[in-house]
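Values in this text are rule-based calculations from the coordinates and carry no lab data. These numbers were taken from a predicted model, which means no experiment stands behind them. For neighbour counting, all protein chains shown are included, and Cβ atoms are generated from backbone atoms with ideal geometry for every residue, glycine included.
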Number of protein chains: 2
Amino acid sequence: MENPYNSGLERNPANHQPLTPLNFLARAAEVFPDHVAIVHGALRRSYADFYVRSRQLASALAQTGIGRGDTVSVLMPNTPAMLECHYGVPMSGAVLHSINTRLDAAIIAFQLDHAMSKVVIVDSEFMPLMQEALALTKVSPVVILYDDPEWNGARMIVDATDYEAFLGLGDPDFDWLMPEDEWDAISINYTSGTTGDPKGVVSHHRGAYLLAQGNALTTSMAKHAVYLWTLPMFHCNGWCFPWTLSAIIGTHVCLRQVRAEPIWNALADEGVTHLCGAPIVMSLMISAPETEKRDLEQTVQFFTAAAPPPESLLADMTEAGFEVTHLYGLTETYGPAVVNDWHASWSDLPRGEQAALKARQGVRYLPLEGLDVLDPETMQPVPRDGKTMGEVMFRGNVVMKGYFRNPEATQKAFAGGWFHSGDLGVRYPDGYIQLKDRSKDIIISGGENISSIEVEEALYRHSSVAATAVVAMPHDRWGETPCAFVELKPGHDVDEADLRAWCREHLAPYKVPGRIVFTSIPRTSTGKIQKFALREHARDLVA
Amino acid sequence: MENPYNSGLERNPANHQPLTPLNFLARAAEVFPDHVAIVHGALRRSYADFYVRSRQLASALAQTGIGRGDTVSVLMPNTPAMLECHYGVPMSGAVLHSINTRLDAAIIAFQLDHAMSKVVIVDSEFMPLMQEALALTKVSPVVILYDDPEWNGARMIVDATDYEAFLGLGDPDFDWLMPEDEWDAISINYTSGTTGDPKGVVSHHRGAYLLAQGNALTTSMAKHAVYLWTLPMFHCNGWCFPWTLSAIIGTHVCLRQVRAEPIWNALADEGVTHLCGAPIVMSLMISAPETEKRDLEQTVQFFTAAAPPPESLLADMTEAGFEVTHLYGLTETYGPAVVNDWHASWSDLPRGEQAALKARQGVRYLPLEGLDVLDPETMQPVPRDGKTMGEVMFRGNVVMKGYFRNPEATQKAFAGGWFHSGDLGVRYPDGYIQLKDRSKDIIISGGENISSIEVEEALYRHSSVAATAVVAMPHDRWGETPCAFVELKPGHDVDEADLRAWCREHLAPYKVPGRIVFTSIPRTSTGKIQKFALREHARDLVA
């Protein structure tokens, strides 16, 4: 017999609509039109204005001929215009392509060509970079210049439309385009491309809706939370927080540059309740001169990712009144899709044990249906022993649509019905996962796998080490051996022999670095250590 | 040119899964297995056990031959078994049919036949009622008896399988059935049927997932909230809160009966943070003897619906440390889909103005895409003037799939692409809606429409009136005139002439009730006043 519940009960416009986070802004503007949506220097912009300006942007883009399936690229720091693009661009039917401002012109040109970009919206600060990139592209996008009053540097004279003038062309009542299907693309973000060409990660409205809500639910963000933009919005669309904030009628506090003083001022003056960033952002805040720090009335939630927060930093943050939550995800998972979901009982453990628990990446976000550590050959889960390494894999509604114009990479990434992250990790008996390395970060020495993270962790426990990164270095006898790059804390004075002695105490002999180099460690704009650069450096060294 | 973002980027098991709230429990059990999921008297049940028992129930049902599209009916108060049914029944692929325990046997028999019920799970207290109903049905469902240790009344000897024994047959590792599509039915709930046959409202997994999250987001419910079951779960699946709590790893505190003493004890002893109910539940709590009341350390959120909370009650609740939020919805919208989203600035207004603002039903829930007050003839929005009446209409993902085996009613309900609620209301300039009446509650007197709610509001403002309900009464000259039924506060002594004088002061002459009857007002189990009974009564009266 046919299922009687599937008969005469079809989808219709009254009971089915495509899921899209764009609707969050429409609701926020409707219900709390006067609530401050955006703070930027002296600027205070209401939800009503935020929505009107986003619709104007969508309308102006439509008038320029932009529609469904077109790419609009943006090269901007964390400004109000960048937030408007997260709504206005998809409201025109187009796909938002946010470009990392730390990239070089050649990679930007590659992205513009690959995404077939039709419009670029560029902040004054990055116009010289964009001009350099445009000289290399095959595409000839319309150029729009965003002249942020908070930018105090030089302004290049270019032949471009002014952003405010462009918005002015738009209809504030524009009947913006809902996606035809919630599977429609909302954004494209290129992965950093440390190996091979950058890949264009395509996200859809459904996933953005679900992850935006997942952020609020996973982290218990309440109505009217105040969010400080220390995380670059070009990084996975700011982990979907541009959309989360509209869902909870929160306030965005923009920030062009991540420096300690404006961060502390925003925390104190704007009543910031939440911010995100790599551990380096916490270090920056904690190591600021006391004169720059401010007393806070509220408890502030700090969501960190990219690297596990070190024990001493966690202790410092707790003492300063912050609650730190460790998140993990990839561009392919809309940002964070894994959370170190804290158990209240863990807070009674000794500080070291707490830090060890906090260093684990954790468990799946509510909107992620599956997270596991699998043997990539057999696709079987590894034992939950906290030791056996496997590849971290994801499945669910907050996994990307696929890689743009790259069916081969897409198919490979989704082989066996799971998204293959390329990150290696273990799973503990309680189901929490911990990253141990990127596949390519494994150091193979005399046939034994060495996790560079394990060596780094040993070095981080030394009281003089501020930061470290370990990569493989060629070795005549063993093939490879670890090479450690180290930044010391100010005023600390140890030498290579001291640190090697420390490592011999804390590591198996074959894991002790063949060389320890004291240097400034190169990082990406999001605080990720650029291991590829260090690997090149290490190739020239001898153990 | 074809949209390039729709090519080579198809759905696959790694990036697309049906949305279902059942997954919330799987995650809760995985991440917080030892957290207390359910409290019931002395019972403390962990999430691990809750999940295992739900899977056992699903497995036992599957062994009984139950599968996709079958109906499993339950007749139970707010017990752990009722929570297990909200997961275990759909985990078997079946559709959950919760029956209102206040109904009479004939209506229950109608529901069982119409839903083609294959299994009934019945609490000891309601077994006599179910036996009476089963004597009237054409269907012959398997009968399972839930013998709740917290039930202290008589136990009927019947030929039925014991619930615990039934569960014992089930496999704790049962590979439960995901919906094949998120549009699959999860539940059926019959509307009260004050007019015509009851209609079976079919809900789907997608809507239940979204409204369950919407509850937490709309009301800022944080991780580990503690929820007291004063709202009957048979009412719209407890407004989806059985699923919401798993999403935020909260604790359910069960309650067989809504009485003041156990409510206050649960609030104090279990640290309850949230509860729901009609205003009558608040009255019950506030009017309890001081010896039954308890001091609370926490602020408690009370979500109320079914009727606007009166001003004095709001004041009493605030003084007692509660925060009251007014919600509105229908069975057809999964429970609450409208919230009186409070503006912080309103809290500075005089008490009366606050109560007037709080009496409005409000604005759409985050997962509801559209809410409006339309002229049902023209389907045009009424002016936002707070005066012009129209029909409240909904559209979006938290609107039902339709009425079961009733395509005619379904089509009528969805005419013009909106769900027609049958509730009449107005819309204010700020977009908030307020109910003014059910269509059938309009009293037409001398060609003028009288809102029974307006007359009730006038009576409620009298200091001696505890409760009132106004319906139409036949009138020789005017056709109809209002008839008011009134419950007085204990110790208050006013007569019909006093109240009519009061009404003449506060209402237009034609709105003054022709008769005022002092009586006990009949209510449904959810606190809704049974106007149909009063209407029958009024037919026999003379003005």
> Hey, got the average number of other protein chain Cβ atoms within 10 angstrom for residues in B:182-189?
Replying inline: 2
>> Whole-Hz ³J(HN,Hα) for each residue in region A:153-168, computed from phi via Karplus 6.51 cos²θ - 1.76 cosθ + 1.60 with θ = phi - 60°, x for glycine and proline: what do you get?
In response: x, 5, 10, 7, 7, 9, 8, 8, 7, 6, 4, 5, 5, 4, 4, x
> For region A:251-265 and region B:448-512, what is the separation of their C-alpha centers, rounded to whole Å?
Replying inline: 59
>> Using Cβ counts within 10 Å as a stand-in for footprinting exposure, how do B:L267, B:L368 rank, fewest first?
In response: B:L267, B:L368
> Over 19 Å between Cα atoms, which of A:K436/A:K511; B:K489/B:K511; B:K223/B:K401; A:K387/A:K412; A:K358/A:K436; B:K199/B:K412 qualify?
Replying inline: B:K489/B:K511; B:K223/B:K401; A:K387/A:K412
>> Using only the alpha carbons of region A:446-539, what is the convex hull's orientation-averaged projected area in square nanometres?
In response: 6.0
> Using alpha-carbon pairs under 8 Å, 6+ residues apart, how would you state the relative contact order of chain B in percent?
Replying inline: 10
>> Pairs of alpha-carbon atoms within less than 8 angstrom and 6+ residues apart define the contacts here; what relative contact order does region B:258-438 have, in percent?
In response: 16
>> For region B:2-50, which trypsin sites (Lys or Arg not before Pro) pass both filters: DSSP loop (anything but H, G, I, E, B) and at most 16 other C-beta atoms within 10 Å?
In response: B:R11
> Antiparallel as a % of all DSSP beta bridges within the protein assembly as shown, to the nearest 5?
Replying inline: 55
>> Tell me the mean residue ellipticity at 222 nm calculated for chain A from its helices only (DSSP H runs of n ≥ 4, each -39500 (n - 2.57), averaged over every residue, nearest 500).
In response: -8500 deg cm²/dmol
> Sorted by packing (mean other beta-carbon atoms within 10 Å per residue), highest first, where do A:122-128, A:208-214, B:69-75, A:28-34 land?
Replying inline: A:208-214, B:69-75, A:122-128, A:28-34
> Got a sec to turn the phi values of region A:369-381 into Karplus ³J(HN,Hα) couplings, 6.51 cos²θ - 1.76 cosθ + 1.60 with θ = phi - 60°, whole Hz, x for Gly and Pro?
Replying inline: 7, x, 9, 7, 10, 10, 6, x, 7, 8, 6, 9, x
>> Please report the antiparallel percentage of DSSP beta bridges with both residues in region A:258-438, rounded to the nearest 5.
In response: 70
> Straight-line reach from B:K138: which aspartates and glutamates have Cα under 19 Å away, leaving out those fewer than 8 places along the same chain?
Replying inline: B:D70, B:D104, B:D113, B:D159, B:D197
>> Run through region B:359-427 and list the chymotrypsin sites (Phe, Trp or Tyr not before Pro) located in a DSSP loop whose Cβ has at most 14 other Cβ atoms within 10 Å.
In response: none
>> Regarding the protein assembly as shown, what's the average projected area of the Cα-atom convex hull, expressed in nm²?
In response: 46.1
> So what J values fall out for region B:466-479 if you push phi through Karplus, 6.51 cos²θ - 1.76 cosθ + 1.60 with θ = phi - 60°, rounded to Hz, Gly and Pro as x?
Replying inline: 8, 7, 8, 9, 10, 9, 7, 10, x, 9, 4, 8, 9, x
> Taking the Cα centre of each part, how many Å lie between region B:127-186 and region B:373-409?
Replying inline: 36
>> How would region B:22-214 be classified by its alpha-carbon gyration tensor: rounded, prolate or oblate, with rounded meaning a/c under 1.5 and the a/b versus b/c comparison settling the rest?
In response: oblate
> Roughly what % of Cα-Cα distances in chain B sit above 31 Å, to the whole percent?
Replying inline: 49
